[in-house]
Amino acid sequence: MKKSLCASTAALALVLASAMLAPACAADLSIAPIYKAPPAAASWAGSYVGIAGGGAWGSALLRNNTTGADQAPRLNSSGGIIGLTSGFNLQNGNWLLGLEGDISAANKKGSAFEFPPNAAFSNEVKEQWLSTFRGRVGYARDNWLVYATAGGALANVANIIVAPVGTISDQQWHWGWTAGGGVEVKLSQDWSAKVEYLYVGLQDKSYFTPTPSPAFPGNQRLHLDDHIVRVGVNYKLPWNILDSFFKH
């Protein structure tokens, strides 16, 4: 009787011990939950190069440099623009500061006949090159960047007079200013795409002073401006132009 009781007690103790150990063993054998790290925030800091192109339109106004009177109706001009871009960004949290420069070939042009007594003469104004150098201030969130930009501009412009007796032309470089804004999106860690608007105001310059031939009107003063909408693609360089300044 005692032996049976002892055997029953031992069996009960073994069952209770197994029951208590089972959850712990099950916990040890269970599959740990899979942890998925949140995606890293897109970084815009660093140097980049790119290409951008689009359309340009605006107006040009020809005046007599002496009297200030208009020599022709306002010229409405338009054309294409394409060029190279480079720059660098500094980023602090969501805020971005940067510098950007570009140089572009352009074929923006317009023409008009002059007012009497020079109605037989036609003026064509062609913008051939445009470069801008600008600061950028932006706000980045996720893969998107919204920015404002402003700075200086330099354009090469040709003024051509066509007449029954022939053609003459004059070229000048115009300094100016530019301002605008855009939106840029990350396509990958290194590539991004943007759409951008710029207004460009250029200084007045004198043309055909002195007049190369008495058969042509001269002493003209040209005023012109640009509106530009372009799209572009930028590649973030594997090195930063500012790295050397922070090396000790």
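Some points to look at:
- Average silhouette area of the range 136-210, convex hull of alpha-carbon atoms, in square nanometres: 7.5 nm²
- Reachable aspartates and glutamates, given that their alpha-carbon falls under 19 Å from the alpha-carbon of K109 and they are not under 8 places away in the same chain: D70, E124, E127, D170, D204, D225, D226
- In the range 121-248, one over the average inverse separation of all distinct C-alpha pairs is 17.8 Å, which is the Kirkwood hydrodynamic radius.
- A probe of 1.4 angstrom, applied to the heavy atoms of all protein chains, finds E124 with accessible area near 60 square angstrom.
- Per residue, the range 146-223 exposes an accessible area of 45 Å² to a 1.4 Å probe, with every protein chain left in place.
- Over the C-alpha trace of the range 42-114, radius of gyration and Dmax come out as 19.4, 57 angstrom.
- Considered as an equivalent ellipsoid built on the Cα gyration tensor, the range 57-212 has semi-axes of 40, 14, 12 Å, the largest given first.
The values are calculated or read from the model by the stated rules, or taken from the named source; none is laboratory data. Quick caveat, the model's predicted, so the values are computed rather than measured. SASA here: full protein model, heavy atoms, side chains in, ligands and nucleic acids out. Shrake-Rupley method; radii C 1.70, N 1.55, O 1.52, S 1.80 Å.
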